[in-house]
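Worksheet for the structure shown next.
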Amino acid sequence: MWEAEKCNLCGECLVRCQYVDFDQDKAVSEIRELMAGRPAEILKECVTCCACNEYCPTGANPFDLINRLQEVHQSLPIPEKMRKFMDAGGTMPSAVIGGDASKPVLSLCVMDPALPPGAVGGRMFDGMTVAKGGEYFCYLGYVHIGMDSPLKAHAQEFIDRLAGLGAREIVFLHADCHAMLNKMPEYGIDVPFKATHLIEYMRDYVKAHPDQVSPLNRRIAYQRPCASRYSPEIEPVLDDLFERIGVERVERTYDRESALCCGGLFSRIYPDRIKPLMAGNLQDAVEHQAEAMVFLCPLCMATLAKGAHAQNLKPIFITQLVRMALGELPFP
Ligand code: SF4
Ligand code: SF4
């Protein structure tokens, strides 16, 4: 949620934005325009990577203001096909596959069709009840088509359907879902179950079962998804997980706070701006001697897998990687 009273007009958010080249004066003038509710230039330039929420040193959440105004001013030229794709999320067929009631439930959101082979299974996940499909769609993806209102409009329904599963704990495979959970306090909605990030769940598993882990001894580049900007507390947990499975996350240019959006949507809207950044993202991984590109978001993986392959970087979903360390899947 945008918190105007926290903004000191330092301009850092838009100076650091990797998708525009604003100096401090320009950045401050843009923020002033936004605070007045006017259609500042950034509304059209912003590719909704959510990063400026993390860049802001005072926690004012400038992206939340930008995103709200993108919707007000209809700033982004989103093709109708993409709007329909987003709207289809909530109508996807749903299913609950029953499992051991003593285990947490695993929510796949609407990601099941996008998951690579072997992403869910093995000792970490077998026996869990799995909920998937439109009834468990989190709606966070709407921020990427420049819309903020569907999140709040569907937030209570999202929580109610999850609560209806009757689980004490739910593990969220999709980073978007966990990001949405982190937004519930701003909507004044209570979450009546323990919401666990996938990374936290897997870290706790390998921590509890060190005897099952064979360190992979691999160097990987991590593709940090935009939604992780809403769950920064997960970063040290991810580092801990990588260490426990013997994986070195290369310290490259486009990771952590400087991560780039995968470009899946905006490479179709602004190809001249975004495609070179996508190529640069992969090149950065290669230059830092990564053997693989590891993804937390299945859609990021779908977007970058082909390019990664072409650069001799093996695309691996994060659950696959941990299963490799558990000896359940071969390293490709
Ligand atoms: S969300 Fe990303 S692209 Fe948009 S203004 Fe913030 S940093 Fe720039
Ligand atoms: S939103 Fe944050 S980073 Fe941006 S100008 Fe205000 S205080 Fe500075």
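The values are calculated or read from the model by the stated rules, or taken from the named source; none is laboratory data. These figures come from a predicted structure and were not determined experimentally. So basically every Cβ, Gly included, is an ideal-geometry build from the backbone, and we count neighbours across all protein chains shown. Each accessible area value is taken on the protein alone, full model and side chains, heavy atoms only, with ligands, DNA and RNA left out. Shrake-Rupley method; radii C 1.70, N 1.55, O 1.52, S 1.80 Å.
Taking the centroid of alpha carbons for each part, region 236-250 and region 19-71 are 33 Å apart. Here the Gaussian network model covers the chain, with springs between Cα atoms less than 10 Å apart; of Gly164, Gly141, Gly98, Gly164 fluctuates the most. Note that region 1-86 carries a Kirkwood radius of 13.0 Å, evaluated over its alpha carbons pair by pair.
Of the beta bridges DSSP finds with both residues in the chain, what % are antiparallel, to the nearest 5?
Approximately 15 percent, going by the DSSP bridge assignments.
Within the accessible area of region 212-325, what % is carbon and sulfur when the probe is 1.4 Å and the other protein chains stay in place? That fraction is 50 percent.
Taking trypsin sites (Lys or Arg not before Pro) as exposed when DSSP calls them loop and at most 14 other C-beta atoms lie within 10 angstrom, the chain has its longest site-free stretch at 169-332. Between Thr58 and Ala163, the FRET efficiency estimated from the beta carbon spacing at R0 = 41 angstrom works out to 0.75. GNM on the chain, alpha-carbon springs under 10 angstrom: the most fluctuating residue among Glu33, Glu287, Glu54 is Glu287.
Computed on the Cα trace of region 213-332, the radius of gyration divided by the Kirkwood hydrodynamic radius gives Rg/Rh = 0.96. The value of relative contact order for region 250-332, using C-alpha pairs under 8 Å at least six residues apart, is 26 percent.
For Lys314, nonlocal amide neighbours, meaning residues 5 or more places apart or on other chains whose placed amide H falls under 5 Å from its own, are Ala292, Met293. Structure remark: mean-square fluctuation, Gaussian network model of the chain, C-alpha springs under 10 Å; the largest value among Ala259, Ala227, Ala36 belongs to Ala36. Expressed as a fraction of 2.2 N^0.38 Å, the C-alpha radius of gyration for region 128-281 is 1.16. Accessible area per residue for the chain is 42 Å², calculated with a 1.4 Å probe on protein heavy atoms, without ligands, DNA or RNA.
In summary, the aspartates and glutamates within cross-link reach of Lys152, defined as a Cα separation below 13 angstrom excluding same-chain residues under 8 places away, comprise Asp64, Glu186.
In this simple spin-label approximation, Arg256 and Glu186 carry label points 7 Å from Cα along the Cα→Cβ vector, and these lie 2.5 nm apart. Panel note: the C-alpha atoms of the chain, placed on their principal axes, show extents of 56, 47, 37 Å (largest first).
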